[in-house]
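Participant: Can you read through this structure? Questions will come right after.
The values are calculated or read from the model by the stated rules, or taken from the named source; none is laboratory data. Values in this document were obtained by computation on a predicted structure and should not be read as measured data. In this analysis, Cβ positions are derived from the backbone assuming ideal geometry, glycine residues included, and neighbour counts consider all displayed protein chains. Surface areas here come from the heavy atoms of the whole protein model, side chains and all, with no ligands, DNA or RNA. Shrake-Rupley method; radii C 1.70, N 1.55, O 1.52, S 1.80 Å.
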Amino acid sequence: TRNQLKFSHLTSLTEPEEEKELPDLVALVAHHSSEQNATILALTDAFEPDMDVEVFDEIPFNSKDKYSGLSCQKDGKTCHLILGALESLSPHLSKDANAKAEAIQHQQKGFRNLILATLADKDAAEGLKVAMQKRAALKPLALLSLNDEIRPAIESVLQQFYARDIQLKIISGD
């Protein structure tokens with residue numbers, strides 16, 4: 001791939017009356033995260049910033065946990081958001097929510113899919129990291145799908161490997 005992730009689309013996992021807030025919540029995570037990895041940069045490019053936010057807690061992304069999070073004050077309300085891979089967040093989701101997210105993710109094959117979720121009980125008095133360590137229940141809000149363009153010459157490169165009877169094994173950090 002070109003290693004240039006781009007946001008593709010957002011699939012709501014929440015109630016219809018909450019859907020209008022989803023772009024603002026994605027923007028909040030993207031523009032207020034201290035982490036500036038390829039995923040966050042793709043979301044930053046796709047969503048307009050919301051500057052009226054005060055972040056007071058953050059879980060930086062790490063490859064072991066495969067999620068990041070922010071706690072903030074927005075419009076006088078406390079908001080706790082988690083962005084991560086479904087496989088890492090599924091222990092925090094209800095059985096029904098997990099099944100729904102898995103079904104939608106299955107339809108989105110070929111994309112890098114992430115779940116945007118919020119704490120189900122809205123309480124993180126001990127901090128967001130402690131809440132996640134204690135397996136706090138999450139309410140999924142959206143599935144975010146990103147993609148990366150395949151390099152144009154890859155077909156001829158693969159054909160050359162095949163012609164030389166070279167078996168290809170791909171090792172990915174994903």
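Participant: Loop-only trypsin sites (Lys or Arg not before Pro) in the stretch 63-126, please: DSSP not H, G, I, E or B, and at most 12 other Cβ atoms within 10 Å.
Facilitator: Working: sites: K64, K66, K74, K77, K95, K100, K109, R112, K122; in loops: K64, K66, K109, K122.
When the trypsin sites (Lys or Arg not before Pro) of the stretch 63-126 are filtered for loop state and at most 12 Cβ neighbours within 10 Å, K64, K109, K122 remain.
Participant: Just G127, G76, G110 to compare: in a GNM of the chain, with alpha carbon springs under 10 Å, which one fluctuates most?
Facilitator: G76
Participant: Still on this model: Provide Rg over Rh for the chain; use the alpha carbon set for both Rg and the Kirkwood Rh (inverse mean inverse pair distance). Could the numbers behind the result be given before it?
Facilitator: Working: Rg = 17.9 Å, Rh = 17.3 Å.
For the chain, the value is 1.03.
Participant: May I ask you to list the lysines whose Cα is less than 23 Å away from that of K66, ignoring any residue fewer than eight positions away on the same chain?
Facilitator: Cα-Cα hits under 23 Å: K6, K95, K100, K109, K122, K129, K134, K139.
Participant: Want the number for D57 to A99: 0.36 nm per residue separation, take away the alpha-carbon distance, what's left? Walk me through the numbers on the way to the answer.
Facilitator: Working: separation 42, 0.36 × 42 = 15.12 nm, distance 2.95 nm.
Length gained, D57 through A99: 12.2 nm.
Participant: Moving on to the next point. What's the carbon and sulfur percent of the stretch 1-108's accessible surface, probe 1.4 angstrom, rounded to a whole number? Don't skip to the answer; put the middle values down first.
Facilitator: Details: 2790 of 6000 Å².
Looking at the stretch 1-108 in its full context, I get 47 percent from C and S.
Participant: Express the accessible area of the stretch 18-61 per residue in Å², computed with a 1.4 Å probe while the remaining protein chains stay in the model. Write out the running numbers ahead of the final one.
Facilitator: Numbers: 2400 Å² over 44 residues.
That works out to 55 Å² for each residue.
Participant: Only sites in a loop by DSSP and with at most 14 other Cβ atoms within 10 Å count here; which trypsin sites (Lys or Arg not before Pro) in the stretch 1-49 make the cut? Walk me through the intermediate numbers first.
Facilitator: Values: sites: R2, K6, K20; in loops: R2.
Within the stretch 1-49, the qualifying trypsin sites (Lys or Arg not before Pro) (loop, at most 14 other Cβ atoms within 10 Å) are R2.
Participant: With springs only between Cα atoms under 10 Å, which of P60, P152, P140 fluctuates most in a Gaussian network model of the chain?
Facilitator: Of the options given, P152 has the highest mean-square fluctuation.
Participant: Distance in nm between label sites at S34 and L168, each 7 Å beyond Cα in the beta-carbon direction?
Facilitator: Output for this residue pair reads 4.0 nm.
Participant: Right, next: Which residues does the label zone of E126 cover in the stretch 51-74, counting backbone N under 13 Å from a point 7 Å along Cα→Cβ?
Facilitator: Residues passing the 13 Å test: none.
Participant: What angle do you read, to the nearest 10 degrees and between 0 and 90, between the alpha-carbon axis of helix 22-32 and the longest principal axis of the chain?
Facilitator: The helix 22-32 is inclined about 80 degrees to the chain.
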